[in-house]
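Working notes, beginning with the structure itself.
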2 protein chains.
Amino acid sequence: MNSLGFLHQAPTRRESERKRHSTTVESQTTSASTVENRVHHKRANLFHVIISLDRAVVPRVPSLALHHYSISNSNEIHPFSILPLSLSFLVLHCLCVFFFFGTFFMALSKISTSHTPSQTLKPNFYSKPCVPLQCYDARRSGVSFEQHRKLRISCSVAPNQVQAPVAPAVPSDTTSNRDCYGVFCTTYDLKADEKTKSWKSLIKIAVSGAAGMISNHLLFKLASGEVFGPDQPIALQLLGSERSLQALEGVAMELEDSLYPLLREVSIGINPYEVFQDCEWALLIGAKPRGPGMERAGLLDINGQIFAEQGKALNAVASRNVKVIVVGNPCNTNALICLKNAPNIPAKNFHALTRLDENRAKCQLALKAGVFYDKVSNMTIWGNHSTTQVPDFLNAKINGIPVKEVIKDTKWLETEFTERVQKRGGVLIQKWGRSSAASTAVSIVDAIRSLVTPTPEGDWFSTGVYTNGNPYGIAEDIVFSMPCRSKGDGDYELAKDVIIDDFLRERIKKSEAELLAEKRCVAHLTGEGNAFCDLPEDTMLPGEQ
Amino acid sequence: MNSLGFLHQAPTRRESERKRHSTTVESQTTSASTVENRVHHKRANLFHVIISLDRAVVPRVPSLALHHYSISNSNEIHPFSILPLSLSFLVLHCLCVFFFFGTFFMALSKISTSHTPSQTLKPNFYSKPCVPLQCYDARRSGVSFEQHRKLRISCSVAPNQVQAPVAPAVPSDTTSNRDCYGVFCTTYDLKADEKTKSWKSLIKIAVSGAAGMISNHLLFKLASGEVFGPDQPIALQLLGSERSLQALEGVAMELEDSLYPLLREVSIGINPYEVFQDCEWALLIGAKPRGPGMERAGLLDINGQIFAEQGKALNAVASRNVKVIVVGNPCNTNALICLKNAPNIPAKNFHALTRLDENRAKCQLALKAGVFYDKVSNMTIWGNHSTTQVPDFLNAKINGIPVKEVIKDTKWLETEFTERVQKRGGVLIQKWGRSSAASTAVSIVDAIRSLVTPTPEGDWFSTGVYTNGNPYGIAEDIVFSMPCRSKGDGDYELAKDVIIDDFLRERIKKSEAELLAEKRCVAHLTGEGNAFCDLPEDTMLPGEQ
C-alpha cells in the first residue's frame, strides 16, 4: 500500500496544483475548465480540444502546461508594462500553442485505442477523483440523444479508498435500460422470422472500448456472422466513455448502414451496469493507455480499477454463464481483477487475450520453416501478455512434426523467435504508422471461435485462464496463458500431452513470478489486503505502450 | 484544354516557391528536405514528420514553416540582451507551435484516406510533374525490401500532354512480377490440398489504395471468406503508391498474422502493370483526395489520369473478363475513363460504387417506416455518386409494398429522404471524427456479393454501369447507377418492371446532365478530343471532399 501511495497522492497533488492555476485563470476570463463544463454535444470539436488541453496535456508536459497557466496569469502578476509589444506576441503565441496543442491531441485521441503507442492519459485521471468508466449513470432516453442526455456523475471508489470492497455493490438505479440505437430500436419480429428461417436464438454481446479502432474492426466481424456463424442473430451492447459517446453513435450509424441481417439490436451507453445487462459474451477492450512517465504499477492500478468496476457490473447484471475476454492491458492481471470482483460468475469463464501472440508465433515459425502458416499447430503462448511471455517451440508442430525436428536452428528458436513475436507489434507501428487493430480484432475472433467450435483433433489453442487446478505446476490463483481445447460449447479444458523441459520451465517461472508480483500490486482491487508493488522491470510489449 | 491549363501551371509555381524557401533554409542549417533525403526506412517516424512538414504543411502555411526554420537559428542572430526573459518565452512558444503544428498534420495525414475530409494534397503533386500512381516501375526483389528497393520514375503522360492517347501502351518491362510478401512467398501446395479439400480454384483480386482505411477493412473481409465464400482461396495483389509502400508492408504483415487459410498469396507493388497481372477482380479504391482550393474539374483531371493509367494496365495485363469496381471519387467518371482506356475488356465489366448510397437509403426508409432494414427491397440509386444522385422511393418496396403506400409523408420522401442519404457521410464525420471506412468496405463487399450470388426473386441492386443499350432512356456512353440483377456469375442485367414518373425522370435527367458534363471535362482522357469543362456547381457528397 505504501509503494502505491504515490499513485493516489500524485494525482491529488497535481489536481490541486491544476485547480490553483485554473482558479486564477477563471477569475480572469472564460477558462478551459469552465468552458468544458458548459460544452454540449453539438460543440463536439471544442469539447475535445478543451478536454485535451485541460486534462491530457497537463500531465504529459507539466512544465509546458504549467507555463501556460502562469502565463495566462501573467497579466496580473508580472509587471510587463514596459514591454507591451513582446507581451502581445507572447499572448498570441500562447493561444497558438494551446489551440494546436489541443487539436493535436484531439487528432491523436481519435486514432488511439488500447493498443496505440505513445498515448496521453485519458481525461478524468487527474481532474476527477475517479476514472470515466467508474463514473456511471449517464443515460440516453429515446433516439434524440442530444436533447435528453443528462449526466449524473457518481463514483464508486473514492481516490483514497485503496482497498475497494470486493462484494459487488449494485447501484440503486440499474433497472433502467441502456439505449437502443436508431433502426435497432424497431422491434425485430423474431417469431415471424422463425416460421421461415431456422435462426438460433439471439445472443447478447457486450463490447467495451467500442469506439476504438480494434472494436471498429471487431464489431463488423461480429455483425457479419464471421464469428458466431451465419444463422446466429446477435445484439451488440456497446460500452463507451463519456468522451467517446459521440463516436459511439457514429459507430452505431455505420452498423445501421451496413444492413447486417444478423445484427438485430445495437445499444450504446457509458454505464457498465446497464450495458452488460444479460450479456453472454463480454469483450473488454477498453483500457487506459499508459501515459508518459507512468510506471507499470500506475497502469495496473488505473486499469485495475476499471476492470474491478466492470467485474462488479458483470457480476450484478450479466448472464450467469457469461464468457469474458479481456483485451485491455495488462490483460492477464485485468482479467484476474475482473474475475475476483465477479464471485458469482465461474472464474473459468474469464480469459486474457494472448491469441495475437499465438498467431504471430505461428506465422514466424512458418516463415522460418518455409511453409504456409496453416501447417503450424499446437502453438502455446505461456504466461503473461508481456515481454515475459513464452512462445513454446518445444510442443509446437509443423506438419505434425515437432518444430525442433523441422527447424534445426536451435539458437534462432531460443532467442530470435521469441523476440520476433514480442517485437512484431513495434515493427508494425513503424511500418504502418499505427497499432495493429485489424489483426488484434482477428485474434479476438479466433479466440471466440476456438471456444464455440470444437478444437481439431490433436491440436490446441492458447488463452490466458485462471490457473486453479492446472496440471503444469503453475502457481494457482493467477491468470496465465496455457494450452486449451474446447468441445465448442464455450467452455475449455487444459491440454494434455504437453512436455515441459528445463529451458521452458525456467521461462514459464519467470512469467509466473511476474504475474504473482502484478497480483501483489493489485491486492487492493482483488480484495486480498494491502497492495505491495515490487515490479522489477518494464515488460510492456513494444507497440502496446 | 485551356480551362484545364491551370492544373499544370499552378503546381509548378508553387513548387518553385517551395524550392526557394527550402534553399534559404538549407543554406542555414540541416533543412527538412536535406534530412528527408537522408532518412531511411528504419527511421520511419522522423520520415513522416519531415514529410508532413516539408510537403504537406509548407504549401498550406508557407509563412509558418519558414518561420520555424529561421527560429532554429535565432539564438545566433538576434540580440537578446535587453529583453531576455520575454523573448526566450516567445522563442519557446514558437517552437512549441511549430512542433505541434507539424505533428498535428502528421497525425491528420495518418488518418486520411480517399474519403477523408479536409485533406492536404499528397506529396508529389507539387514536387513532381506526375502523380504517384502514374509513376511506376518500382519493384522489390526478394523479401529484403530495404536492401533491394530501387525506384525508377517514368511518367506516361507529360504534364502538358492533355490529350493522352487511348491506345494502351504497355511499358517495355512488364514481364517482371510484383513482389510476394513474407510467408505468402512460400508456395502453397494446392495439389496436396485438393486431395483432401474441395477448394475452388484460386482467384486473384487486385486492390488499389491498399494502404488506406477502406482497404484496411476490406482486405480482411476478402481474406476471411466473407465475400467469396468459405471454399474460395484468394490471392491479394495490393497496389500502393511510392509513399504508402511502407504502410503496405505493414498491411501485409497484419494479413500474415491473421493466418487466414483462404488467403494464399499477397503481393504488393506500386506499378499497376505488375500488380494487376491476371487479376479477376480489380477494386480501385485509391484516388487523390480533393486538395484545398481544388476545383472539381481539377479533381476530375488528376484522378482521371490515375484511372486512365490503371485502365491501360488492366487492358494490358488483367484477366480478359476482369470485373472492375471503381470506388475512388468521382467514381462514375473515373469508371468511364477506366473502361475507355481498356478497350479489350468488356465495358459491361466496369462498375462505379453506389452501393453505400443504396444501403444508406434502405436504412433511412426502414427508420422512417419503423421496420427492420431487411424489409426494404428494390432500392435504386440512379445516376452519379454525387449530390445529384437519385435515391428512388417510387420503385422501392417495404415488405413487398411500394414505399409510397407505407410512408404517406410524400414531402419527406421528396425532400428530406434524399438529403438524409446524401448527408449521411457528413454527419458520420461529425460524430465519429473520420470518414466511414468500415461501412464503405461493407458496401464493396455487398457490391461484389451481388454479382457472385443470384439476386433474390423480384429484387435488384444498384451499381454504376455503362449505359449503352439501357431501356430507361438514359443517355448512352456514360457510367450511370441503375437497378441490376445478377445470376451470380459475375455478370448482370438491367432490371425490368421499373416505373419512372415525371418527378423521377426530371431528377434522373439532372444527374445525367452532370455526368455528360463530367464526360466533356475528361474528353482528353477518354480519347474523345479536347476537354471542355463547364461544371456548374459543386456536387461532391458531404464527407467525401
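The values are calculated or read from the model by the stated rules, or taken from the named source; none is laboratory data. Please read all numbers here as calculations on a predicted model, not as lab measurements. Note that each Cβ is placed from the backbone with ideal geometry, even for glycine, and that neighbours are counted across all protein chains shown. Side chains are part of the model used for accessible areas, which takes the heavy atoms of the whole protein and leaves out ligands, DNA and RNA. Shrake-Rupley method; radii C 1.70, N 1.55, O 1.52, S 1.80 Å.
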Report summary line: For region A:277-391, shape from the Cα gyration tensor axes a ≥ b ≥ c, cut at a/c of 1.5 then a/b versus b/c, turns out oblate
**Report entry** Cross-link pairs A:411/A:509; B:312/B:519; A:375/B:200 - those with Cα-Cα distance over 23 Å
**Finding:** none
Requested in this report: Mind listing the long-range amide H neighbours of residue B:351? Cut-off is under 5 Å, sequence gap 5 or more, other chains count too, H placed in the peptide plane at 1.01 Å from N.
Outcome: B:324, B:325, B:326
Requested in this report: Sort B:288, A:204, B:348 from largest to smallest accessible area, using a 1.4 Å probe on the heavy atoms of the protein chains.
Outcome: B:348, A:204, B:288
Requested in this report: With +1 on each Lys and Arg Cβ and -1 on each Asp and Glu Cβ, and nothing else charged, work out how big the dipole of region B:285-334 is about its Cα centre, in Debye to the nearest 20.
Outcome: 180 debye
Report summary line: By the C-alpha gyration tensor axes a ≥ b ≥ c (rounded if a/c is under 1.5, else prolate when a/b exceeds b/c, else oblate), the shape of region B:238-333 is oblate
Requested in this report: Can you work out the accessible area per residue across region B:386-513, with the rest of the protein chains kept in place, probe 1.4 Å, in square angstrom?
Outcome: 41 Å²
Query - Compactness of region A:407-483 - radius of gyration and Dmax, Cα, Å - result: 16.0, 42
Requested in this report: Keeping every protein chain in place, order B:243, A:290 by accessible area at 1.4 Å, biggest value first, i.e. largest first.
Outcome: B:243, A:290
Requested in this report: Any chance you could look up the accessible area of residue A:497 with a 1.4 Å probe, heavy atoms only, rounded to 10 Å²?
Outcome: 140 Å²
Query raised in the report: Going through region A:456-536, which trypsin sites (Lys or Arg not before Pro) have at most 16 other Cβ atoms within 10 Å and a DSSP loop state?
Result: A:487, A:496
Report summary line: A correct Karplus calculation of ³J(HN,Hα) over region A:301-309, with 6.51 cos²θ - 1.76 cosθ + 1.60, θ = phi - 60°, whole Hz and x for Gly and Pro, returns 6, 5, 6, x, 4, 4, 6, 5, 4
Report task. Starting from the Cα-Cα distance between residue B:411 and residue B:453, subtract it from 0.36 nm times their residue separation and give me the gain in nm to one decimal. Result -> 11.5 nm
Report summary line: Counting sequence-distant residues (5 or more places) and residues on other chains, those with an amide H built under 5 Å from that of residue A:533 are A:3, A:4
Report summary line: Inter-copy distances for residue A:476, nm, shortest first, label points 7 Å along Cα→Cβ, are 8.4
**Report entry** Interface area, B with A, accessible, probe 1.4 Å, both sides summed, Å² nearest 100
**Finding:** 7000 Å²
Query raised in the report: Considering only the label points, 7 Å along Cα→Cβ from Cα, what distances in nm to one decimal separate residue A:459 from the same position in each other copy, shortest first?
Result: 3.3
Query raised in the report: Quick one: putting +1 on the C-beta of Lys and Arg, -1 on the C-beta of Asp and Glu, what dipole do you get for region A:309-399 around its Cα centre, in Debye to the nearest 20?
Result: 160 debye
Report summary line: Expressed in square angstrom to the nearest 10, the accessible area of residue A:432 with a 1.4 Å probe stands at 20 Å²
Report task. Could you work out the mean count of beta carbons from other protein chains within 10 Å of each residue's beta carbon in B:257-267? Result -> 5
Query raised in the report: Taking accessible area as the heavy-atom solvent-accessible surface of the protein chains with a 1.4 Å probe, which residues of region B:404-441 lose no less than 10 Å² upon going from the isolated chain to the full protein assembly?
Result: B:424, B:427, B:428, B:430, B:431, B:432, B:433, B:434, B:438, B:439
Report summary line: With every protein chain in place, the accessible area of residue A:534 for a 1.4 Å probe, in Å² rounded to the nearest 10, comes to 60 Å²
Query raised in the report: Taking Cα centroids, how far is region B:479-545 from region A:374-407 in Å?
Result: 55 Å
Report summary line: Inter-copy distances for residue A:229, nm, shortest first, label points 7 Å along Cα→Cβ, are 2.0
Requested in this report: Given the peptides B:329-336, A:449-456, B:265-272, arrange them by the average over their residues of other C-beta atoms within 10 Å, most packed first.
Outcome: B:329-336, B:265-272, A:449-456
